[in-house]
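The values are calculated or read from the model by the stated rules, or taken from the named source; none is laboratory data. Note that the structure is predicted; figures quoted are calculated from it, not measured. When we count neighbours, we look across all protein chains shown, and the Cβ atoms used for this are built from the backbone with ideal geometry, even at glycine. Surface accessibility is based on the protein's heavy atoms, side chains included, excluding ligands, DNA and RNA. Shrake-Rupley method; radii C 1.70, N 1.55, O 1.52, S 1.80 Å.
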Amino acid sequence: MTRIKYAAILTCALLLTARTAFAADARVTIDNFKFSPAQLVVDAGTRVIWTNQDDMPHTVVEATAAPTISSPALDTGDSFAHVFTKAGTYQYYCSVHPYMLGTVVVR
């Protein structure tokens, strides 16, 4: 095997490994006016997907003065995704029903 072929194979293997390490998804279901799970613990680089299974519209909004996570109104079956790149605790709520609370803890 030539050096060029070996380098190309090694590069492809490294790229596939790196993509796999950051391709994680975690899911939160919105149903019966609750986020489930209410607290989710994920690694940095994880994409969290919220899916509304309720018969009412809901949102996902970070509970800070200047939210960086803010979904549009999600109708039944709609989803919203956000990739968490930094460690920390992210609290969120539904702006339509503010008593609906959730937390994502990023390691």
*In nm, spacing of pseudo-spin labels at ARG47 and THR85 (7 Å Cα→C-beta vector)*: 1.5
_For the range 12-106, report the % of Cα-Cα distances exceeding 20 Å._
35
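Of the trypsin sites (Lys or Arg not before Pro) in the range 18-97, which ones lie in a loop per DSSP and count no more than 15 other C-beta atoms within 10 Å?
Values: sites: ARG19, ARG27, LYS34, ARG47, LYS86; in loops: LYS86.
Counting only loop positions with at most 15 other Cβ atoms within 10 Å, the trypsin sites (Lys or Arg not before Pro) in the range 18-97 are LYS86.
Please report, in debye to the nearest 20, how large the charge dipole of the range 27-107 is about its Cα centre when each Lys and Arg carries +1 at its beta carbon and each Asp and Glu carries -1 there.
Charge dipole of the range 27-107: 360 debye, to the nearest 20.
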*Using a 1.4 Å probe over the heavy atoms of the protein chains, calculate the carbon and sulfur portion of the accessible area of the range 12-106 as a whole percent.*
57
*If you stretched the chain out fully between VAL105 and THR64, how much longer would it get, using 0.36 nm times the residue separation minus the C-alpha to C-alpha distance?*
13.3 nm
